Ligand SMILES: [Zn+2]
């Protein structure tokens, strides 16, 4: 029994669900990645690279320390492990990270179109906006640096330019819920943009109301 068995199981379940729902862009591929930090940040459980999600077992999930040294698992960890660990280092309230290639967030990724304050639930759950993280090659240190450069806004979702999406949560259930919410708002915003009509945004006092409530929520 490993102290990270719980996190590894959660990571596997989340990855399988995201794959089945099409959040990785294809149901048979190995794109995207999922991780979860153990309490106290002793270790991070993360999906391996190069194995299709339907074939993945809990033994395939890797664990790394916060310096990215591999602790468990015989497979190579996701190429985006540095990006995940950087998030845990910078955002102590975050314990789960989901990186996807989901369709409508990917549309906004190639339009390089951030999502403004459009719905109450978005501000309450994700934050006042979904910013665009500038493009860098997948798995590169530059991409991890570009992500780190946006994390201080305290939001829980980001769109990576010409790449995909990033959703964070205090636990895995919240990270998955945010992934789903991001896809809903991306789809709604894209269709609204396509209409060519003026987009209605939330009034500033409503934004401030939800931000104040969000600060009070642990
Ligand atoms: Zn990716």
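Annotations for the structure displayed:
- Tally of residues being surrounded by fewer than 24 Cβ atoms within 10 Å (Cβ to Cβ) and within 16 Å of the ligand (Cβ to nearest atom) across region 169-189: 1
- Test result for residue 127, within 16 Å of the ligand (Cβ to nearest atom) and in contact (Cβ under 8 Å) with a residue 40 or more places away in the chain: no
- Total residues in region 174-218, condition under 22 Å from the mean Cα position of the chain (by Cα) and not in a loop (DSSP other than H, G, I, E, B): 21
- Evaluation of residue 8 against (1) within 21 Å of residue 171 (Cα to Cα); (2) touching a helix residue (DSSP H, G or I) at 6+ places or on another chain (Cβ under 6 Å); (3) within 16 Å of the ligand (Cβ to nearest atom) (one fails), failing number: (3)
- Residue identified as in contact with a helix residue (DSSP H, G or I) (Cβ under 8 Å, 6 or more places away or on another chain), more than 17 Å from residue 148 (Cβ to Cβ) and assigned to a loop (DSSP other than H, G, I, E, B) among 51, 122: 51
- Only a single item in (1) without any contact (Cβ under 8 Å) to a residue 40 or more places away in the chain; (2) surrounded by 15 or more Cβ atoms within 10 Å (Cβ to Cβ); (3) under 18 Å from residue 165 (Cβ atoms); (4) more than 16 Å from the ligand (Cβ to nearest atom) is not met by residue 47, and it is number (4).
Each row is one residue, and each column tells you yes or no for (1) away from the ligand (no atom under 16 Å from the Cβ); (2) part of a loop (DSSP other than H, G, I, E, B); (3) touching a helix residue (DSSP H, G or I) at 6+ places or on another chain (Cβ under 8 Å).
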residue: 3; (1), (2), (3): yes, yes, no
residue: 12; (1), (2), (3): yes, no, yes
residue: 17; (1), (2), (3): yes, no, yes
residue: 36; (1), (2), (3): yes, no, yes
residue: 40; (1), (2), (3): yes, no, no
residue: 66; (1), (2), (3): yes, yes, yes
residue: 83; (1), (2), (3): no, no, yes
residue: 87; (1), (2), (3): no, no, yes
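- Residues of region 137-158 that are within 12 Å of the ligand (Cβ to nearest atom) and crowded, with 19+ Cβ neighbours inside 10 Å: 143, 147.
- Residues that are surrounded by fewer than 17 Cβ atoms within 10 Å (Cβ to Cβ) and within 14 Å of the ligand (Cβ to nearest atom) were ranked within region 93-117; the one that is farthest from residue 168 (Cα to Cα) is 110.
Every read-out reported here was derived from the displayed coordinates using simple, explicitly stated rules and does not represent laboratory data. Predicted model, so just to flag it, every value in this text is computed and none were measured. Note that each Cβ is placed from the backbone with ideal geometry, even for glycine, and that neighbours are counted across all protein chains shown.
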